[in-house]
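Q: Next up is a structure, given as structure tokens.
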Amino acid sequence: MYISIGFLTYVLASFVALLGIGLLVLLISKSENRKSKLYRAVICFCIVIFAYCGMYFMFYFRDMVLHYYEVNMPLRCIDYLLDGAVTFFWLRTIGCIFEKHEGRSMKHITAWAWICGAARTGTGVISAIFLLDEYYALRYPSITGAYLTAEFIIVTITSLIIARYSIEGLRASLSRNSKIYIGVVSSLLVLWEIIQNIVDTGLYTGRYISAWGMGFFDTTSPTVFIIGMASFVYVFREDFSPLYYPEKSSPSGGLEEMDPVERAAIQHRLTARELDVMRLVYEGKNNPEIAEALYISRNTVKKHLQNIYEKTGVSSRMELVYVINREGPPLHR
């Protein structure tokens with residue numbers, strides 16, 4: 001029964017991950033999304049999760065069905081490469097979500113993504129080549145204490161970094177979808193890190209020859225399933241649902257009766273903050289006046305304008321006003 005449930009969850013996780021990847025490929029193929037850093041980051045994250053799911057599905061099949069526990073060195077290296085890639089691309093995704101919704105550079109998150117990803121990948125690959133045998137047990141018992149301490153420090157720092165930026169995201173002016181997505185995935189990744197560290201400790205010390213022979217419930221398959229589903233739902237709702245801003249409609253509920261600025265924002269999928277900026281541009285405000293009205297920096301205003309121009313296909317304020325008026329009768333100002 002346990003084996004059947006494990007197979008089912010891995011198959012579902014792979015299917016959901018493929019759905020998310022397919023949806024992202026379709027969206028990126030659209031001209032307006034080809035330059036989207038967020039979509040590129042999310043698709044890389046989804047691909048890594050799918051690869052991780054496939055690799056562990058293979059390990060699960062070998063262990064539970066074939067009772068073949070040896071893992072050769074190339075596979076061990078791929079395992080640790082994917083482990084570092086999950087951390088790297090998730091932090092990059094968080095940074096891109098911040099940049100999209102707040103219009104500010106998040107180079108510090110990118111820096112931490114490189115540091116955490118490189119630390120996890122580097123130490124893992126080195127240990128896979130020189131320190132671990134085909135059962136993930138340490139070849140040299142004398143270094144066990146030092147190695148486990150280093151592993152614990154890296155996992156703790158990675159979890160703290162993910163938690164820090166996730167909490168910052170929950171407090172920031174992001175869309176509701178983004179906050180839920182960050183909260184769900186980050187919580188799962190941190191919990192997954194802790195459980196995997198416990199499992200790895202048993203393997204490194206040679207107490208077990210299989211990660212599934214330790215009496216632990218296999219958390220990998222449900223974790224990647226939920227992460228894949230969260231990514232699919234997030235991308236779908238971000239691109240197809242007008243959830244970035246409040247919708248005001250007439251009693252009949254038609255777009256034709258809406259404020260032309262808001263109607264243009266809906267039709268071009270602008271964020272709530274981009275709608276605020278575009279409204280002030282339409283009212284004739286300059287960048288310093290917009291920054292003062294919205295309590296943001298002038299550089300942030302420029303970033304929002306750049307995003308608005310890109311989404312609406314214009315290159316100047318005059319063209320933007322023309323696009324707004326073209327969507328419907330101008331406001332009475």
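The values are calculated or read from the model by the stated rules, or taken from the named source; none is laboratory data. All values derive from a computational prediction rather than experimental measurement. Backbone-built Cβ (ideal geometry, glycine too); neighbour counts: all protein chains shown. Surface areas here come from the heavy atoms of the whole protein model, side chains and all, with no ligands, DNA or RNA. Shrake-Rupley method; radii C 1.70, N 1.55, O 1.52, S 1.80 Å.
Q: Order Leu320, Leu170 by their accessible area, 1.4 angstrom probe, all chains in place, largest first. Each step should come with its number before you reach the end.
A: Details: Leu320 0, Leu170 85 Å².
Most to least solvent-accessible, the answer reads Leu170, Leu320.
Q: Pop out the ³J(HN,Hα) list for region 79-85 in order, Karplus 6.51 cos²θ - 1.76 cosθ + 1.60 with θ = phi - 60°, rounded to Hz; leave Gly and Pro as x.
A: These are the phi-based 3J(HN,Hα) values: 4, 6, 4, 5, 4, x, 5 Hz.
Q: Read phi for every residue in region 61-75 and hand back ³J(HN,Hα) as whole Hz from Karplus 6.51 cos²θ - 1.76 cosθ + 1.60, θ = phi - 60°, with x for Gly and Pro.
A: 5, 4, 6, 7, 9, 8, 6, 10, 9, 6, 10, 6, 4, x, 5
Q: First measure r as the distance between the Cβ atoms of Glu289 and Ala172, then evaluate 1/(1 + (r/R0)^6) with R0 = 25 Å and state the FRET efficiency to the nearest 0.05.
A: On the way: r = 24 Å, r/R0 = 0.95.
Here the calculated transfer efficiency is 0.55.
Q: Something else: Between Thr110 and Asp133, take the C-beta separation as r, use R0 = 41 Å, and let me know the FRET efficiency to the nearest 0.05.
A: Details: r = 36 Å, r/R0 = 0.88.
Result of the calculation: an efficiency of 0.70.
Q: Among all lysine pairs in the chain that are eight or more places apart or on different chains, how many have alpha carbons less than 17 angstrom apart?
A: Total qualifying Lys-Lys pairs in the chain comes to 17.
Q: Continuing with this model, one more query. Can you give the charge dipole size of the chain about its Cα centre, rounded to the nearest 20 debye, using +1 on the beta carbon of Lys and Arg and -1 on the beta carbon of Asp and Glu? Working shown, then result.
A: Numbers: 32 positive and 29 negative charges, 162 e Å.
Dipole magnitude for the chain comes out near 780 debye.
Q: Pop the C-beta distance of Asn299 and Ile198 into the FRET formula with R0 = 41 Å and round what comes out to the nearest 0.05. Kindly include the intermediate steps, with their values, before the conclusion.
A: Numbers: r = 45 Å, r/R0 = 1.10.
FRET efficiency, Asn299 to Ile198: 0.35.
Q: Once you have the Cα-Cα distance between Phe61 and Leu8, take 0.36 nm times their residue separation minus that, and quote the gain in nm to one decimal. Walk me through the numbers on the way to the answer.
A: On the way: separation 53, 0.36 × 53 = 19.08 nm, distance 1.19 nm.
Extending this stretch completely gives an extra 17.9 nm.
Q: Considering only protein heavy atoms and a probe of 1.4 Å, how much of the accessible area of the chain is carbon and sulfur, as a whole percent?
A: Numbers: 10550 of 16090 Å².
For the chain, the apolar C and S fraction of the accessible surface comes to 66 percent.
Q: Connecting C-alpha atoms closer than 10 Å in a GNM of the chain, tell me which of Glu292, Glu238, Glu310 has the biggest fluctuation.
A: Fluctuation is largest for Glu292.
Q: Continuing with the same structure: Would you be so kind as to identify which of Ala230, Thr110, Ser159 lies farthest towards the positive end of the dipole of the chain, taking Lys and Arg as +1 and Asp and Glu as -1 on Cβ and the Cα centre as origin?
A: Farthest along the dipole direction, towards plus: Thr110.
Q: May I ask you to list the trypsin sites (Lys or Arg not before Pro) in region 105-145 that are in a DSSP loop and have at most 13 other Cβ atoms within 10 Å of their Cβ?
A: On the way: sites: Lys107, Arg120, Arg139; in loops: Arg139.
Sites meeting the loop and neighbour criteria: Arg139.
Q: On to the next question. For the chain, with every protein chain kept in place, what is the accessible area per residue (1.4 Å probe, Å²)?
A: Details: 16090 Å² over 333 residues.
With all protein chains present, the chain gives 48 Å² per residue.
Q: How long is the gain from Ser142 to Ile126 if the chain were fully straight, where each residue apart is worth 0.36 nm and the alpha carbon distance is subtracted? Spell out each step's value before the answer.
A: On the way: separation 16, 0.36 × 16 = 5.76 nm, distance 1.72 nm.
Using 0.36 nm per residue and subtracting the Cα-Cα distance, I get 4.0 nm.
Q: Given (i) 256; (ii) 143; (iii) 232, which label gives volume of the Cα convex hull per residue in Å³ as computed from the coordinates?
A: From the options (i) 256; (ii) 143; (iii) 232, the structure gives (ii).
Q: Please build a GNM for the chain, connecting alpha carbons under 10 Å apart, and tell me which residue among Glu274, Glu319, Glu99 fluctuates the most.
A: Glu319
Q: Please check: in the Gaussian network model of the chain (C-alpha springs, under 10 Å), which one of Gly20, Gly313, Gly54 has the largest mean-square fluctuation.
A: Gly313
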